[in-house]
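Have a look at the structure below, then the notes.
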Amino acid sequence: MLKQAEKNPLDKGMTDNRFYENIPELPKAERPRELLFEHGPEYLSDIQLIAIMLGSGSRGNNVMKLSRAVLDLYQQHPVELIEPGKFTEIEGLGNAKAAQLSAAIEFSRRRMAPAVKKISSPSDAVPLLYHYAAAKKEHFLSVSLNGAHEVISLRVVSIGTLNRTIVHPREVFAEPLSEHSAGLICAHNHPSGNTEPSREDIELTERLRDAGKLLGINLLDHLIISETGYFSFLEHGLL
């Protein structure tokens, strides 16, 4: 069992020059793979986990530098929007390592996300969306459901500014139509932390509700999420 007082030797790596050394040059006890086997994967920093996925660096770009660049990319874009080619824009990352990262992301998504998640109330949907609550820009999300209210898919429809995202019903319903969805839950985050709906939020919800009726896909709820909680249009009688 890892003691609470223990610190990861590479936690200060972003400012310590040793962070930029090649892994073989680090003391054996401070190398990511050795740390993983000694303490478990939860002990490692994000950069160390990425370094293990990459395996090695390239000429002029050691694996820790590449891992820092990959982490920066993750922090700038939702993971599901990072195409494999985006990784190759990082100097020193070729197709092989980009494929490794993309495959690891997809495998994790398939195994870690529940294959079937039934939504019985608005609060059931919140855990699926909560990792977007801290996003600095508004993300508009949609959750497609089958007739049993089981989750088919979750996607980012659009990304807006600090306080606004522009969404058209055709963008929201395009994928659910192709998936033969019976219902839809929409959501977006408020970076301000205030979950009260704006007039624009209310008007958009009404347009989506009406569009869903025409298309045969019921809008079951619209959630506004933040780090402080959530607002459900259904629970407040606005649907």
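The values are calculated or read from the model by the stated rules, or taken from the named source; none is laboratory data. Predicted model only: the values in this text are computed from it and were never measured. Using ideal geometry, Cβ is built from the backbone for each residue, glycine included, and neighbour counts are taken over all protein chains shown.
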Inset, instruction - Check the range 175-183 and report whether any residue there is closer than 20 Å to G147 by Cβ, in the same structural domain as S153 (by TED's automatic domain parsing) and assigned to a strand (DSSP E or B). - result: yes
Inset, instruction - Would you check if there is a residue in the range 115-126 being of a type in the set (V, I, T), in the same structural domain as E150 (by TED's automatic domain parsing), part of a helix (DSSP H, G or I) and modelled with pLDDT of 85 or more? - result: yes
Inset, instruction - Only one of these is surrounded by fewer than 18 Cβ atoms within 10 Å (Cβ to Cβ), under 16 Å from K97 (Cα atoms) and within 23 Å of the chain's Cα centre (by Cα): Y43, Y74. Name it. - result: Y74
Legend entry - Hey, P191 crowded, with 16+ Cβ neighbours inside 10 Å, under 19 Å from the mean Cα position of the chain (by Cα) and outside any strand (DSSP E or B) or not: yes
Legend entry - Breaking point among (1) closer than 25 Å to V79 by Cα; (2) more than 19 Å from the chain's Cα centre (by Cα); (3) not polar (S, T, N, Q), for G212: (1)
Inset, instruction - Report yes if E91 is surrounded by fewer than 12 Cβ atoms within 10 Å (Cβ to Cβ), part of a loop (DSSP other than H, G, I, E, B) and outside the structural domain of A135 (by TED's automatic domain parsing), otherwise no. - result: yes
Inset, instruction - Mind listing whichever residues of the range 129-150 are touching a strand residue (DSSP E or B) at 6+ places or on another chain (Cβ under 6 Å) and not in a loop (DSSP other than H, G, I, E, B)? - result: L129, Y132, H139, F140, L141, S142, V143, S144, L145, E150
Legend entry - Breaking point among (1) modelled with pLDDT of 90 or more; (2) in contact with a helix residue (DSSP H, G or I) (Cβ under 8 Å, 6 or more places away or on another chain), for F37: (2)
Inset, instruction - Identify the single condition in (1) farther than 23 Å from I82 by Cβ; (2) modelled with pLDDT of 95 or more; (3) among the aliphatic types (A, V, I, L, M) that A187 does not satisfy, given that it satisfies every other one. - result: (1)
Inset, instruction - Among residues belonging to the range 169-218 that are β-branched (V, I, T) and out of contact with any helix residue (DSSP H, G or I) (no Cβ under 9 Å at 6 or more places or on another chain), point out the one that is nearest to V156 (Cα to Cα). - result: T205
Legend entry - Only one of L208, L220, L234, L239 that is outside any helix (DSSP H, G or I), under 17 Å from F173 (Cβ atoms) and modelled with pLDDT of 95 or more: L220
Legend entry - Where I166 falls short, out of the listed (1) out of contact with any Gly (no Cβ under 7 Å at 6 or more places or on another chain); (2) in a loop (DSSP other than H, G, I, E, B): (1)
